[in-house]
Ligand SMILES: [Zn+2]
Ligand SMILES: [Zn+2]
(Lines give C-alpha, C1' and ligand atoms only; values in the text may rest on other atoms or scores of the structure.)
(Ligands and ions follow the chains in the order given, each with its own letter.)
Protein backbone atom coordinates (compact mmCIF):
# COMPACT_ATOMS: atom_id res chain seq x y z
CA UNK A 1 0.00 0.00 0.00
CA UNK A 2 1.07 3.56 -0.71
CA UNK A 3 0.00 6.13 1.89
CA UNK A 4 1.08 9.76 1.77
CA UNK A 5 -0.11 12.38 4.22
CA UNK A 6 0.03 16.05 3.28
CA UNK A 7 -0.86 18.75 5.77
CA UNK A 8 -2.36 21.60 3.76
CA UNK A 9 -3.86 25.07 4.02
CA UNK A 10 -4.49 27.54 6.84
CA UNK A 11 -6.38 24.90 8.87
CA UNK A 12 -3.48 22.42 8.66
CA UNK A 13 -5.75 19.75 7.30
CA UNK A 14 -4.41 16.27 6.54
CA UNK A 15 -5.02 15.13 2.97
CA UNK A 16 -4.22 11.50 2.16
CA UNK A 17 -3.09 9.89 -1.07
CA UNK A 18 -3.70 6.15 -0.85
CA UNK A 19 -3.10 3.53 -3.46
CA UNK A 20 -2.31 -0.01 -4.40
CA UNK A 21 1.27 -0.42 -5.61
CA UNK A 22 0.58 -3.48 -7.75
CA UNK A 23 -2.28 -2.10 -9.81
CA UNK A 24 -0.98 1.49 -9.69
CA UNK A 25 -4.35 3.04 -8.86
CA UNK A 26 -5.20 5.31 -5.96
CA UNK A 27 -7.58 7.77 -4.36
CA UNK A 28 -7.19 11.19 -2.78
CA UNK A 29 -9.05 11.64 0.49
CA UNK A 30 -10.00 15.16 1.64
CA UNK A 31 -7.96 17.40 -0.67
CA UNK A 32 -8.48 20.50 1.45
CA UNK A 33 -6.13 23.01 -0.13
CA UNK A 34 -2.84 23.38 -2.05
CA UNK A 35 -3.91 21.42 -5.13
CA UNK A 36 -0.50 21.83 -6.77
CA UNK A 37 1.29 20.27 -3.81
CA UNK A 38 -1.16 17.37 -3.71
CA UNK A 39 -0.81 16.76 -7.41
CA UNK A 40 2.99 16.80 -7.14
CA UNK A 41 2.79 14.22 -4.34
CA UNK A 42 0.50 12.07 -6.47
CA UNK A 43 2.94 12.34 -9.37
CA UNK A 44 5.77 11.14 -7.13
CA UNK A 45 3.78 8.05 -6.15
CA UNK A 46 3.11 7.25 -9.81
CA UNK A 47 -0.50 6.43 -8.94
CA UNK A 48 -3.37 6.95 -11.30
CA UNK A 49 -6.12 8.65 -9.30
CA UNK A 50 -9.51 6.97 -9.76
CA UNK A 51 -11.61 8.77 -7.17
CA UNK A 52 -11.70 11.62 -4.69
CA UNK A 53 -13.28 10.62 -1.38
CA UNK A 54 -14.56 13.07 1.24
CA UNK A 55 -14.98 12.34 4.93
CA UNK A 56 -17.19 15.45 5.18
CA UNK A 57 -17.75 18.79 3.47
CA UNK A 58 -16.15 21.41 5.75
CA UNK A 59 -14.16 23.88 3.65
CA UNK A 60 -10.81 22.82 5.09
CA UNK A 61 -11.36 19.36 3.53
CA UNK A 62 -12.65 20.32 0.08
CA UNK A 63 -10.76 23.41 -1.13
CA UNK A 64 -8.66 21.58 -3.74
CA UNK A 65 -11.39 19.22 -4.99
CA UNK A 66 -12.52 21.22 -8.05
CA UNK A 67 -8.95 21.72 -9.30
CA UNK A 68 -8.02 18.05 -8.87
CA UNK A 69 -11.21 16.89 -10.59
CA UNK A 70 -10.12 18.85 -13.64
CA UNK A 71 -6.72 17.23 -13.50
CA UNK A 72 -7.83 13.62 -12.95
CA UNK A 73 -11.34 13.66 -14.51
CA UNK A 74 -12.40 11.44 -11.64
CA UNK A 75 -15.62 11.24 -9.62
CA UNK A 76 -16.05 12.84 -6.19
CA UNK A 77 -17.76 10.57 -3.68
CA UNK A 78 -19.17 11.21 -0.21
CA UNK A 79 -22.16 10.37 1.95
CA UNK A 80 -25.37 11.92 0.59
CA UNK A 81 -25.90 13.94 3.79
CA UNK A 82 -22.80 16.01 2.93
CA UNK A 83 -24.53 17.47 -0.16
CA UNK A 84 -26.13 20.56 1.42
CA UNK A 85 -22.94 21.50 3.30
CA UNK A 86 -20.89 21.14 0.12
CA UNK A 87 -23.26 23.57 -1.61
CA UNK A 88 -22.77 25.99 1.29
CA UNK A 89 -18.98 26.05 0.90
CA UNK A 90 -18.90 29.72 -0.19
CA UNK A 91 -20.97 30.67 2.88
CA UNK A 92 -18.76 28.59 5.16
CA UNK A 93 -15.73 30.40 3.74
CA UNK A 94 -17.32 33.85 4.05
CA UNK A 95 -18.02 33.25 7.74
CA UNK A 96 -14.29 32.67 8.19
CA UNK A 97 -13.40 35.75 6.19
CA UNK A 98 -12.22 33.65 3.27
CA UNK A 99 -13.20 33.13 -0.32
CA UNK A 100 -14.12 29.75 -1.82
CA UNK A 101 -13.64 29.12 -5.54
CA UNK A 102 -15.73 26.75 -7.59
CA UNK A 103 -17.99 24.38 -5.64
CA UNK A 104 -17.35 20.81 -6.78
CA UNK A 105 -20.15 18.41 -7.65
CA UNK A 106 -20.77 15.15 -5.84
CA UNK A 107 -20.76 12.46 -8.51
CA UNK A 108 -21.86 9.60 -6.33
CA UNK A 109 -22.83 8.66 -2.82
CA UNK A 110 -21.17 6.33 -0.34
CA UNK A 111 -23.46 4.56 2.09
CA UNK A 112 -22.51 3.20 5.50
CA UNK A 113 -20.37 0.03 5.33
CA UNK A 114 -19.83 0.36 1.62
CA UNK A 115 -16.58 -1.18 0.37
CA UNK A 116 -14.66 1.01 -2.06
CA UNK A 117 -12.17 -1.00 -4.06
CA UNK A 118 -8.92 0.70 -5.05
CA UNK A 119 -7.00 -1.98 -6.91
CA UNK A 120 -6.58 -4.68 -4.28
CA UNK A 121 -7.21 -2.27 -1.41
CA UNK A 122 -10.61 -2.32 0.24
CA UNK A 123 -11.76 0.84 2.03
CA UNK A 124 -14.85 0.30 4.15
CA UNK A 125 -16.91 3.38 4.97
CA UNK A 126 -17.98 3.89 8.57
CA UNK A 127 -20.83 6.35 9.05
CA UNK A 128 -19.64 8.55 11.94
CA UNK A 129 -21.77 11.73 12.19
CA UNK A 130 -21.68 14.22 15.07
CA UNK A 131 -18.91 16.56 13.88
CA UNK A 132 -20.58 17.20 10.53
CA UNK A 133 -23.57 15.77 8.63
CA UNK A 134 -22.78 12.59 6.70
CA UNK A 135 -19.29 12.23 8.16
CA UNK A 136 -17.52 9.03 7.10
CA UNK A 137 -14.38 7.30 8.31
CA UNK A 138 -12.60 4.89 5.98
CA UNK A 139 -11.32 1.61 7.41
CA UNK A 140 -8.74 -0.56 5.64
CA UNK A 141 -8.91 -3.73 7.67
CA UNK A 142 -6.16 -5.59 5.78
CA UNK A 143 -3.71 -2.78 6.56
CA UNK A 144 -4.98 -2.19 10.11
CA UNK A 145 -5.66 1.48 9.62
CA UNK A 146 -8.54 3.92 9.67
CA UNK A 147 -8.88 7.42 8.28
CA UNK A 148 -10.94 9.01 11.03
CA UNK A 149 -11.61 12.39 9.41
CA UNK A 150 -12.59 14.97 12.03
CA UNK A 151 -14.41 12.49 14.30
CA UNK A 152 -11.41 11.34 16.34
CA UNK A 153 -8.01 12.99 16.81
CA UNK A 154 -4.94 12.14 18.83
CA UNK A 155 -6.02 13.26 22.32
CA UNK A 156 -9.16 14.99 21.13
CA UNK A 157 -12.43 14.70 19.20
CA UNK A 158 -14.07 16.81 16.51
CA UNK A 159 -15.74 20.11 17.38
CA UNK A 160 -19.52 20.02 17.50
CA UNK A 161 -20.36 23.73 17.44
CA UNK A 162 -20.71 23.98 13.66
CA UNK A 163 -24.06 23.42 11.85
CA UNK A 164 -25.27 19.84 12.22
CA UNK A 165 -22.89 19.11 15.09
CA UNK A 166 -23.89 17.11 18.18
CA UNK A 167 -21.65 15.87 20.99
CA UNK A 168 -24.09 13.08 21.83
CA UNK A 169 -24.12 11.82 18.24
CA UNK A 170 -20.33 12.18 17.91
CA UNK A 171 -19.70 10.18 21.10
CA UNK A 172 -22.00 7.44 19.86
CA UNK A 173 -20.20 7.38 16.48
CA UNK A 174 -16.79 7.12 18.13
CA UNK A 175 -17.91 4.55 20.69
CA UNK A 176 -19.81 2.29 18.34
CA UNK A 177 -17.84 2.62 15.09
CA UNK A 178 -14.23 3.51 15.96
CA UNK A 179 -13.44 2.24 19.46
CA UNK A 180 -14.81 -1.14 18.37
CA UNK A 181 -11.86 -1.52 15.98
CA UNK A 182 -8.82 -3.50 17.19
CA UNK A 183 -6.51 -1.63 19.60
CA UNK A 184 -3.55 -1.78 17.23
CA UNK A 185 -5.47 -0.04 14.42
CA UNK A 186 -3.52 3.03 13.29
CA UNK A 187 -5.64 6.17 13.20
CA UNK A 188 -4.95 8.83 10.58
CA UNK A 189 -6.99 11.93 11.42
CA UNK A 190 -8.10 15.00 9.54
CA UNK A 191 -5.82 17.12 11.73
CA UNK A 192 -2.80 16.43 13.90
CA UNK A 193 -0.56 13.42 14.30
CA UNK A 194 -1.21 9.72 13.83
CA UNK A 195 -2.39 7.64 16.79
CA UNK A 196 -3.94 4.23 17.48
CA UNK A 197 -7.35 3.10 18.70
CA UNK A 198 -5.76 1.57 21.82
CA UNK A 199 -3.92 4.78 22.64
CA UNK A 200 -7.11 6.84 22.37
CA UNK A 201 -9.15 4.31 24.28
CA UNK A 202 -6.62 4.53 27.13
CA UNK A 203 -5.70 8.21 27.16
CA UNK A 204 -8.08 10.43 25.19
CA UNK A 205 -9.58 12.75 27.85
CA UNK A 206 -12.76 13.29 25.81
CA UNK A 207 -13.56 9.59 25.87
CA UNK A 208 -13.20 9.19 29.63
CA UNK A 209 -16.20 9.13 31.89
CA UNK A 210 -18.69 8.90 29.06
CA UNK A 211 -19.23 5.21 29.58
CA UNK A 212 -17.24 4.55 26.43
CA UNK A 213 -14.08 3.18 27.98
ZN1 LIG B 1 -14.55 19.30 9.89
ZN1 LIG C 1 -11.18 19.63 9.48
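The values are calculated or read from the model by the stated rules, or taken from the named source; none is laboratory data. Please read all numbers here as calculations on a predicted model, not as lab measurements. Using ideal geometry, Cβ is built from the backbone for each residue, glycine included, and neighbour counts are taken over all protein chains shown.
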Reported set for the range 97-115 where residues are surrounded by 15 or more Cβ atoms within 10 Å (Cβ to Cβ), closer than 14 Å to residue 134 by Cβ and touching a residue at least 24 places away in the same chain (Cβ under 8 Å) is 106, 110
Tally time: how many residues in the range 146-156 are surrounded by fewer than 23 Cβ atoms within 10 Å (Cβ to Cβ) and either touching a residue at least 60 places away in the same chain (Cβ under 8 Å) or touching a helix residue (DSSP H, G or I) at 6+ places or on another chain (Cβ under 8 Å) (or both)?
3
Kindly provide the set of residues from the range 158-178 that are assigned to a loop (DSSP other than H, G, I, E, B), on the phi < 0 side of the Ramachandran plot and either within 12 Å of ligand 1 (Cβ to nearest atom) or touching a strand residue (DSSP E or B) at 6+ places or on another chain (Cβ under 9 Å) (or both), ordered by number.
158, 159, 160, 161, 162, 163, 165
For the range 64-103, give me the residue count where each residue is at pLDDT 95 or above, farther than 16 Å from residue 162 by Cα, within 16 Å of ligand 1 (Cβ to nearest atom) and touching a helix residue (DSSP H, G or I) at 6+ places or on another chain (Cβ under 8 Å).
2
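Table: residues versus (1) buried (at least 19 other Cβ atoms within 10 Å of the Cβ); (2) within 11 Å of the chain's Cα centre (by Cα).
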| site | (1), (2) |
| --- | --- |
| 3 | no, no |
| 12 | no, no |
| 16 | yes, yes |
| 28 | yes, yes |
| 31 | yes, yes |
| 35 | yes, no |
| 43 | no, no |
| 48 | no, no |
Residue 192: in contact with a strand residue (DSSP E or B) (Cβ under 6 Å, 6 or more places away or on another chain) and either away from ligand 1 (no atom under 16 Å from the Cβ) or part of a loop (DSSP other than H, G, I, E, B) (or both), yes or no?
yes
